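Below: one structure, written as structure tokens.
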Amino acid sequence: MHIKELVKRIDLWLILLMLILVGVGIVAINSATAYSGDTSYVQKQIVFFIMGLVLMLIVMSIDYHLLANWYLIIYAGIIILLISVFFLGKNINGATRWIEIAGVQIQPSEFAKIGMILCGATIINKYNNRINQLWPILIIGAFEFIPFILVNKQPNLSTSIVIVVILVIQLFMSKIDFKYIITATVVSLLVVVIAFVYIVKNPDQKLIQDYQRNRIMSLVNGGDASADKYQTQRAVQAIGSGGLQGKGLYQGSISQLNYLPESHNDFIMAVIGEEFGFIGAVSVVVLLLAFILRGIWIARGAPDDLGRFIVVGYMGMIAMQGFVNMGVVTDLLPNTGIPIPFISYGGSSLWTNMMGLGLVLNVAMRREEKMF
């Protein structure tokens, strides 16, 4: 397809929704850090966004079929990057998830998610006609198991679960027999329930780290005012105090007086809820839903199964991260450290989301028919 024709097929709706979400994030980050007079967070986020645009343009300009041909190289790069964390990583709050490159801290597990969207889509597409046989399932499982273990060992349980969910969603769209999906789901739920009960009942358990258990226990013990519960309690207070219309930009007492530490990161929705109220928070949810639904529409019209697997994997990641983040902020889920897409502060997260968007736009550009 001619380059001019490809450019005409760029999905402007997705780009517009992304720009609005990023814009909301920059405004909220500025408000969340205004109490200290430090503008560096906003400045860095803008720089991260510009760099993200470059990454998005690069990814969308290379035919995704060509990228898929490099999946083993990309996979090897993911593994090397994840292993490097154990030797070069920086420990922050009890977890070693970051490495520093040229003065910039990056989180390899974030990039692993995007890499596994492409690699998972490629290997499922490769075995799609034999997906119900034992060997293809074992190969796909082994392919996923290595990055899952490496991310979980950082420890970063939430991101490792996201990686698995991405694969499950892609498998759901393949030719796999539905009974296998149901069986795997039921077994997984049973394992989760049994593990949850074991963790709660056994303080000396070794399945997860102590800080991870503390976060689970803070959710179970609703009235607990421990440090693990502090942020969530303040977030709920902020959202509740915002009411229907909010207190106004820079007028949030909890965010402006720093009663909610690090609110520009994973708890940015609390700032939005306090300053823009229920209407503002729901507007963000609507924007994310519109983004995801647009992606589903693109997946329906993808040129082939490979493109469809890529798009649903990415949109599944966005949906899960949005759901989990909002669940944490509203005290429905334990604190996981998962940022809300495009809005939370952070270079690695924003770059990951924009590279993934580049993949989706890549698929959309190569549709046979233009979309409205």
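The values are calculated or read from the model by the stated rules, or taken from the named source; none is laboratory data. The shown structure was predicted, so the numbers you read here are calculated from the model rather than taken from an experiment. Cβ placement follows ideal geometry from the backbone for every residue including glycine, while neighbour counts extend to all protein chains displayed.
Mind checking which residues of segment 325-342 are in a helix (DSSP H, G or I) and either farther than 17 Å from ASN353 by Cα or in contact with a Leu (Cβ under 6 Å, 6 or more places away or on another chain) (or both)?
MET326, GLY327, VAL328, VAL329
Collect the residues in segment 75-103 that are touching a Gly at 6+ places or on another chain (Cβ under 9 Å), among the β-branched types (Val, Ile, Thr) and modelled with pLDDT of 75 or more, keeping them in residue-number order.
ILE78, ILE99
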